[in-house]
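Structure first, commentary second.
The values are calculated or read from the model by the stated rules, or taken from the named source; none is laboratory data. This is a predicted model, so every value here is computed, not measured. Every residue, glycine among them, receives a Cβ derived from its backbone with ideal geometry; neighbour counts consider all protein chains shown. Keep in mind that these areas ignore ligands, DNA and RNA; they rest on the heavy atoms of the full protein, side chains included. Shrake-Rupley method; radii C 1.70, N 1.55, O 1.52, S 1.80 Å.
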Amino acid sequence: YAEIIPDLLHVHPGAIRAARRGIPKLYCVTDSTSGAGMPDGTYHLGSQTVTKCLGGVRLADGTLAGSVLTMDQAFRNLVAIGIPMHEAIRHVSTNAADYLGESERGRLQCGAYADIVVMSPELQLTQVFVEGESIEPQHDH
């Protein structure tokens with residue numbers, strides 16, 4: 001097992017493909033910061049001020065400080081670099097659950113919790129179920 005941040009900034013697509021060959025149970029993490037889902041601008045990362053731009057979060061000197069990656073975007077990125085959907089699904093769900101010893105999460109089977117993400121054919125999030133219950137997205141106004 002090993003984790004990877006597939007935001008295509010932390011790790012180059014070629015390195016992701018190479019990691020998949022050498023690490024059978026590769027799983028995705030987001031390293032997401034407070035800028036995730038927010039417009040470009042200034043945010044806080046602990047005591048640091050960071051700037052979200054160009055799909056990442058950087059310190060004043062330009063150093064990559066984190067990501068704004070969401071897990072649905074991680075899935076889209078894997079598919080975009082040529083990973084078959086049925087394999088990408090394992091990278092964003094089952095492999096992480098297995099690493100944590102969670103046999104009732106990260107899979108669709110009898111007795112599992114039925115945490116389900118539904119996506120459109122264009123891989124846009126359309127619905128989410130947590131433990132079998134549909135949830136509505138929360139919007140800040």
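Annotations
- Note on segment 1-140: with charges restricted to the Cβ of Lys and Arg (+1) and Asp and Glu (-1), its dipole about the Cα centre is near 620 debye.
- Compared with the dominant Cα axis of the chain, that is its longest principal axis, helix 13-22 is turned about 40°.
- Options [x] 15.8; [y] 17.1; [z] 16.4 - which one matches Kirkwood radius over Cα pairs in Å as calculated here: [z]
- Tyr99 - accessible surface, heavy atoms, 1.4 Å probe, Å² rounded to 10: 120 Å²
- Leu9 versus Gln109: modelled label distance in nm, points set 7 Å from Cα along the beta carbon direction: 3.7 nm
- CD proxy at 222 nm, helix term only [per DSSP H run n ≥ 4: -39500 (n - 2.57); per residue of the chain; nearest 500]: -6500 deg cm²/dmol
- Rolling a 1.4 Å probe over the protein heavy atoms gives the chain an accessible area of 62 Å² per residue.
- Under 11 Å from a label point set 7 Å out along the Cα-to-Cβ vector of Val117, the amide N atoms of segment 1-45 belong to 28-30.
- Degrees, to the nearest 10: 71-80 long Cα axis against longest axis of the chain: 80 degrees
- Within the chain, antiparallel bridges make up roughly 80 percent of the DSSP beta bridges whose residues both belong there.
- Theoretical gain in end-to-end length, Thr70 to Thr42 [0.36 nm per residue, Cα-Cα removed]: 8.2 nm
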